[in-house]
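Participant: Could you have a look at this structure, given as structure tokens, before my questions?
Taken together, the values in this text are just the output of simple stated rules run on the coordinates, not laboratory data. On a predicted model such as this, the values are computed, not experimentally measured, just so you know. Using ideal geometry, Cβ is built from the backbone for each residue, glycine included, and neighbour counts are taken over all protein chains shown.
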Amino acid sequence: MTIAVSTGPGRPATSDRVRRLPEYLAIWVPLLLSAAHLIAFSLWTIWISFTPSTLIPVTGWVGLRNYSAVAASRNWQIALDNLLLFGSAFVLLSLATGLILAILLDQRIRGENVLRSIFLYPLAVSFVVTGTVWSWLLNPGLGIQKLVHDLGWTSFRFDWLIDRDMAIWTIVIAAIWQSSGFAMALFLAGLRSVDADLIKAAQIDGAGPVRMYRRVILPTLWPITITVIVIQLQFAISTFDLVRALTNGGPGIATQLPALVVYDLMFQRSLLGRGAAAAVLMLLLLLAVLLPYAAWRYVQRRRAIHA
Amino acid sequence: MRDRTFAPSRILIYLIVSLIAAAWLAPLAVVVLNSLRSNEEIAQGSMIGWPQHLAWSNYAAAWSGFCVAETCAGIRPYMLNSALVTIPATIFSTLLGAVAGYAVSLWRFRGDSWIYGIVTLGIFLPQQMRLLPWTIVLRDTGLMNTLTGLVLIHTIQGLSFTTLFCRNYYVAIPQELIRAARIDGAGFFRIFWRIILPLSPPILVVTVIWQFTHIWNEFLYGVTFTTGQQQPVTAALIALSAAVADIPQHGVQSAAVMIAALPTLLIYLIGGKYFVRGLTAGAVK
């Protein structure tokens, strides 16, 4: 009823529309650009993955041939094996490091702010910088191994960077250094929001600190734990820069990961169809993580509303 | 509840925390120290060591001396490229995200929750799904190998995050405030300017820090869509380590790494609180 006042009788609705045009533009243009590019780009990449495109995108239909070619390639198989190892090792270890750090910082220690800043600063640095620095530290001729040799222990060996079987662990080390602080920050927030009455009740029952953590505090953290796992897995699946800077997929193709295979197929071998198929496979891997998580979040939220 | 006395268990806690903190600081310390050691000094020993004499000249060489590919202008042009991409893209994506977040949270219109849902999917969609389409778009618009092209990409892709951040902040503003302003005859822009924006500084700081850090540190688009003199500094660092693989110059390279990491590190040091808020806000999407 209040809107009618400003429009008034005799003023056609179209002039109101025209007057409000800048408003419509401001609302719709950014949102539509964003939404449209997401949908169109995804559909286009999916479509290309079913075409025989090589150097340039072409029409045509090859069914699942690109997918089977990617899945059968040694590159992709190694990338998947690596992802499985890297993903699980990195997620578990960064989760454990983050939780331990959070519990330690939660003991009302002096300098907590400084310590928290120290564990979080790697997140402000690019993966390229992280990868480059760790490639120096882990290089047997330059870094830790060389230092220990110079100190006199000449039989010391720490040459994972050039060891085909162990090279993937260098990525794990750098990734843990870069993002354990993130898990710590989330866990710390969780620890700080544990119900004080719950802790008091357990204290009255005579629970010691260890029992307190195991029985009372940690069980309240599992929703945060799942969130951290999902975010770290999402990061693991799309890891690219870190490997490029640290090992560049080597030695040989020992540290190949899916994102590197996509890049290699698209821009180095100019096999667009296969590259697109590999990208879609990456998306499916992500969905395998994210869809159960979304379902879980949905159930949690409904439960919270009904409780 | 927990006391501050120095029982043995507390000493142990401090010991463990300090050891881990030292390990976390070690990579930074190594780069800082190496950036002050001459290439010859590093070549004689390892990369881990104390500078015998401070080689400040590494920084001069890294900034404007050494060669990447055929160009010997140091890291300066690439730093400039990164700044020319990051600053506009951060401003555009933050402003557009603030307006979009305001529109979907407080203005409400038909289809708002649908389009918002789609926009936030962009947070999860891997970059690899967008590489080929962006290639086509940049080629057809003539923006391939230009900084403008990267600004366009980061602005549009950044909208997913900026809209999410701002929307989640604005939903806490009472709807009545907007309704009252509308009854008084205020329109979309007036309400945004007079009511929303004055309430926004905290979330705008979080968003700006998040966007700046991410765009500055981005590598994949930079290396895919630009070459040579147009590359951002992340891509240039990789090119540099490939270029000097035969004759390593680790002192100069360390200085280059420090310079490249400095902008985001400084922002983290100054706005750490907001940086962490962005991290956790992004996590609870």
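Participant: For chain B, calculate the relative contact order in percent as a whole number, restricting contacts to Cα pairs under 8 Å that are 6 or more residues apart. Provide the component values of the computation, followed by the final result.
Facilitator: Values: 299 pairs, mean separation 84.5, N = 285.
Value for chain B: 30 percent.
Participant: Only helical DSSP H runs with n ≥ 4 go in: add -39500 (n - 2.57) per run for chain A, normalise by residue count and round the 222 nm mean residue ellipticity to 500 deg cm²/dmol.
Facilitator: On the way: 14 runs with 207 residues, N = 307.
It comes out at -22000 deg cm²/dmol, rounded to the nearest 500.
Participant: So, in Å, what gap is there between the alpha-carbon centers of region A:169-211 and region A:249-307?
Facilitator: About 29 Å separates the Cα centre of region A:169-211 from the one of region A:249-307.
Participant: On to the next question. Using a ≥ b ≥ c from the Cα gyration tensor of region A:252-307 (square roots of the eigenvalues), is it rounded, prolate or oblate, where a/c under 1.5 gives rounded and otherwise the larger of a/b and b/c decides, a/b for prolate? All intermediate terms of the calculation are to be shown ahead of the outcome.
Facilitator: Values: a/c = 6.53, a/b = 3.18, b/c = 2.05.
Because a/c hits 1.5 or more and a/b exceeds b/c, region A:252-307 counts as prolate.
Participant: If you take each beta carbon of peptide A:275-281 and count the beta carbons of other chains within 10 angstrom, what is the mean?
Facilitator: Numbers: counts 3, 5, 0, 1, 7, 3, 1.
The per-residue average across the peptide is 3.
Participant: Counting Lys and Arg as +1 and Asp and Glu as -1, what is the net charge of the other residues whose Cβ lies under 14 Å from the Cβ of A:L32?
Facilitator: Details: positive: B:R110; negative: B:D112.
Within the 14 Å Cβ shell, the charges total 0.
Participant: Cysteines without a disulfide-compatible partner in chain B, using Cβ under 4.7 Å as the rule?
Facilitator: B:C166
Participant: Could you let me know the centre-to-centre spacing of region B:84-144 and region A:31-80, using Cα atoms, in angstrom?
Facilitator: 22
Participant: Using a ≥ b ≥ c from the Cα gyration tensor of chain A (square roots of the eigenvalues), is it rounded, prolate or oblate, where a/c under 1.5 gives rounded and otherwise the larger of a/b and b/c decides, a/b for prolate?
Facilitator: Values: a/c = 2.15, a/b = 1.13, b/c = 1.90.
Because a/c hits 1.5 or more and a/b fails to exceed b/c, chain A counts as oblate.
Participant: Can you give the net charge of the other residues whose Cβ lies under 15 Å from the Cβ of A:I56, counting K and R as +1 and D and E as -1? Let's see the in-between values first.
Facilitator: Details: positive: A:R269, A:R274, B:R139; negative: B:D140.
Net charge around A:I56: +2.
Participant: In Å³ and rounded to a whole number, note down the convex hull volume per residue for the Cα atoms of region B:136-186.
Facilitator: Details: hull volume 5.9 nm³, N = 51.
Hull volume normalised by residue count: 115 Å³.
Participant: Let me ask something additional. Considering only the other residues whose Cβ falls under 15 Å of the Cβ of B:A261, what net charge follows from Lys and Arg at +1 and Asp and Glu at -1?
Facilitator: Values: positive: none; negative: A:D241, B:E218.
Summing Lys/Arg as +1 and Asp/Glu as -1 gives -2.
Participant: Using only the Cα atoms of chain B, what do you get for the radius of gyration and for Dmax, in Å?
Facilitator: According to the Cα coordinates of chain B, Rg and Dmax are 23.5, 77 Å.
Participant: Give me the distance in nm between label points sitting 7 Å out from Cα along the Cα-to-Cβ direction at A:L284 and A:A202, one decimal.
Facilitator: The modelled label-to-label distance comes out at 4.4 nm.
Participant: For region B:1-144, state what percent of all Cα-Cα pairs lands in each successive 10 Å bin, counting from 0 Å until the bin that includes the largest distance.
Facilitator: 8, 16, 20, 19, 22, 12, 2
Participant: Just want to confirm a number: the relative contact order over region B:179-274, from Cα pairs under 8 angstrom separated by 6+ residues, in percent. Write down the numbers at each step before the final one.
Facilitator: On the way: 29 pairs, mean separation 29.0, N = 96.
Over region B:179-274, the number comes to 30 percent.
Participant: Note down the nm distance, to one decimal, between modelled labels 7 Å out along Cα→Cβ at A:R65 and at B:L84.
Facilitator: 4.4
Participant: If you don't mind, there's one more thing I want to ask. From Cα coordinates alone, what are the radius of gyration and Dmax values for the protein assembly as shown in angstrom?
Facilitator: When restricted to Cα atoms, the protein assembly as shown yields Rg and Dmax of 26.1, 95 Å.
Participant: Another question about this same structure. Distances over 13 Å make up what percent of all Cα-Cα pairs in region B:205-245? Mind dumping the intermediate values first?
Facilitator: Values: 448 of 820 pairs.
Percentage above 13 Å: 55.
Participant: Something else: Defining a contact as two alpha carbons under 8 Å apart and six or more residues distant in sequence, what relative contact order in percent does region A:68-306 show?
Facilitator: Details: 253 pairs, mean separation 70.8, N = 239.
The value is 30 percent.
Participant: Rounded, prolate or oblate for region A:3-137? Axes are the square roots of the Cα gyration tensor eigenvalues, ordered a ≥ b ≥ c, and the cut-off for rounded is a/c under 1.5. Walk me through the numbers before you get to the answer.
Facilitator: Working: a/c = 3.48, a/b = 1.28, b/c = 2.71.
Because a/c hits 1.5 or more and a/b fails to exceed b/c, region A:3-137 counts as oblate.
Participant: Turning to a different aspect of this structure: Over all residues in A:112-125, what is the mean tally of Cβ atoms on other chains that come within 10 Å of each residue's Cβ? If you can, show how the numbers build up before the last one.
Facilitator: On the way: counts 1, 2, 1, 6, 3, 7, 8, 5, 6, 10, 4, 7, 16, 10.
What the average comes to for A:112-125 is 6.
Participant: Continuing with the same structure: Report the Stokes-Einstein translational diffusion coefficient (µm² s⁻¹, integer) for region B:163-282, Rh taken as the Kirkwood radius over Cα pairs, at 4 °C with viscosity 1.567 mPa s.
Facilitator: Values: Rh = 17.6 Å.
D = 73 µm²/s.
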